[in-house]
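Working notes for the structure below.
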Amino acid sequence: MTTLLFVRRFLADYARNPVNPLVLVLVPVVFVVVAAGSMAEAAKLLGGTGPSVETAAAGWAAGFLAGIALYFQLRAARAADRRLVLAGMPAARLVAARVTTGLALAVLASAAALAALAARTGIDQPGRVAAGTLMFAVIYLAIGAVTGVLVRNPVNGTVLILFVWILDVFFGPALGSPDRLATRWLPTHFVTLWMVDLPSRHGGQVGDLGWALVWTAGALVFACLVVTATTRVARRRRVRAAQFITALRMGLRDYRRNPVLWFLLVAVPIVFIWLSKVITPDDTMVLSLVDDGVRRPLSFWLPDMHAGTMTPIAIASLAALAGLFIVLDARAGDQRLTLAGFRTPTLLTARLGVIGCAVLLVTAASLLVTATVFDAEQWPVYAGGNVLLAAIYALIGVCIGPVFGRVSGVLIAFLVPFLDIGIAQSPMLRAQPPDWARFLPGYGADRVLLDGGLTTSFDETGALLLGLGWLLGLGVLATWLFRKATA
């Protein structure tokens, strides 16, 4: 009865945020209804099975929702959970309540994803697809749980989950080839193949379904063990020793300043950009670009172009997350500093300076990786376009944070650059962006970096001015929101 009571309270806490139900609708609609068709076309270019993407998208959406939701459930309640254990509640009972809550969230996320899939294309094998979607959610539930207890900082945790999810989706058997040896170790490899009814022929006697169940059950058991071990309080420490450890920990934290975040900001571009060239089939593609003042069709080698055009996606996503969390993490301290007489413009300048450093770090790391697999025609223009794009999306992250908070803000900060740069502006999907894409924030900067990367002369002055206009407008909006949040 105690466990059920805690489950109800945990679910009530989740439902108390009105944005969470919105996200349960928004994410499946984006992945299953809006983006699945375009991703299926991209899968055909990359050697995958295009139609299976639309079915697998339901699992991707459910997994993404479940992993992020449980991560923030555990991270936000970590101190309260430890106090409950100190007060005498068995750690196993508390973990059972958390895991049961997570399973309820997984079922809810799966139902939302399946409803979106049924509305878009219908479901030919409802039992198989429903079971596969739920296995996706449970596996990412475990990933979110393990990240929640091992990674304290929300920036590090969310970026780490996104990193695993990006690898799993973009290099998995639906978007890529199901026969690659290296991708068979991804967490949802066999789940995806069984869900879309595409036999792998490398599952052995256990079979695809058997390995999918092993991954699902193993991930859940491992997550329970990790959460239990880190929640249990072994012994009380002496006050003097605790004071020493706390002072040492605070000093080290102030010195090192989130090393996992910096590692991920470097590691994500390395894997995302470099592997995009490795998995792209040898072929050519024609784009419509302005070169030397004349618009003409130009042919490019697909593996090189794919690597060069993946760079802005990585940069925009990481910059948006950096802007979101740098402002949110400092908000309580900024409010106290304002009350103490610290001038708001000075505070804002300081925060934007930190964000600027993050933008330059993201861009520099991504361009260093890009230089190994892609040779831009005009490196200064290409680099400048990427810096402009990173600055725009960092300010979008700054604006998203005070409005949507951490959980929903992370989802939106990831979805906006994915839809803008990855879908609407992507040259992998069409020779030229559609007319409506011109109204999105990444259009101007993306045209500048494409012009610098693929042509020999700079012809996108109008696009550059448009990007600078977005930067100025977002800067004004960010200033207003910052003043309001610290008032």
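Here, each number is a calculation from the coordinates, and none is a lab measurement. Please read these numbers as outputs of a predicted model, since none were measured by experiment. Here the Cβ positions follow ideal geometry from the backbone for every residue, glycine too, while neighbour counts run over all protein chains shown.
Side notes on the structure shown:
- Calculated FRET value between LEU5 and ALA79, using beta carbons and R₀ = 30 Å, to 0.05: 0.90
- Charges were assigned to the Cβ only: +1 to each Lys and Arg, -1 to each Asp and Glu. The resulting dipole of region 414-463 about its Cα centre is roughly 120 debye.
- Taking the charge dipole of region 420-487 about its Cα centre, with +1 at Lys and Arg Cβ atoms and -1 at Asp and Glu Cβ atoms, the residue from ALA485, THR461, GLN425 reaching farthest to the positive side is ALA485.
- Using only side-chain charges placed at the Cβ, +1 for Lys and Arg and -1 for Asp and Glu, the dipole size of the chain relative to its Cα centre rounds to 3260 debye.
- Look at the dipole of the chain built from charges on Cβ: of ALA142, PRO434, ALA307, the Cα furthest out on the positive end belongs to ALA142.
- Here the convex hull built on the C-alpha positions of the chain has a volume of 158 cubic angstrom per residue.
- Table column - 3J(HN,Hα) (Hz), region 439-456, Karplus curve with 6.51, -1.76, 1.60, x for Gly and Pro: 8, 8, x, x, 4, x, 5, 5, 5, 5, 6, 5, 4, x, x, 10, 10, 9
- Burial ranking of peptide ranges 267-279, 425-437, 183-195 (average Cβ count within 10 Å, highest at the top): 183-195, 267-279, 425-437
- Relative contact order (percent, whole number), region 379-487, Cα cutoff 8 Å, 6+ residue spacing: 39
- Spread of Cα-to-Cα distances over 5 Å intervals beginning at zero, given as percent, for region 56-118: 4, 18, 22, 19, 14, 10, 7, 5, 2, 0
- Amide proton proximity set for LEU289, modelled H, under 5 Å, gap of 5+: ARG296, LEU298
- Size-normalised alpha-carbon gyration radius of region 351-487, reference 2.2 N^0.38 Å: 1.08
- Relative contact order (%) - the chain, alpha-carbon pairs under 8 angstrom, separation at least six: 15
- Maximal additional length on extending the TRP436-ALA330 stretch stands at 34.5 nm, based on 0.36 nm per residue less the C-alpha distance.
- Estimated [θ] at 222 nm from DSSP helical runs (n ≥ 4, -39500 (n - 2.57)) normalised by residues in the chain, nearest 500: -25000 deg cm²/dmol
- Gap separating the Cα centres of region 270-317 and region 53-87, nearest whole Å: 35
- Computed from phi, the 3J(HN,Hα) profile of region 125-131 under the Karplus parametrisation 6.51, -1.76, 1.60 (θ = phi - 60°) reads 10, x, x, 5, 5, 5, 5 Hz, with x in place of Gly and Pro.
- Its Kirkwood hydrodynamic radius, worked out from the mean inverse distance over all distinct Cα pairs, puts region 97-148 at 11.6 Å.
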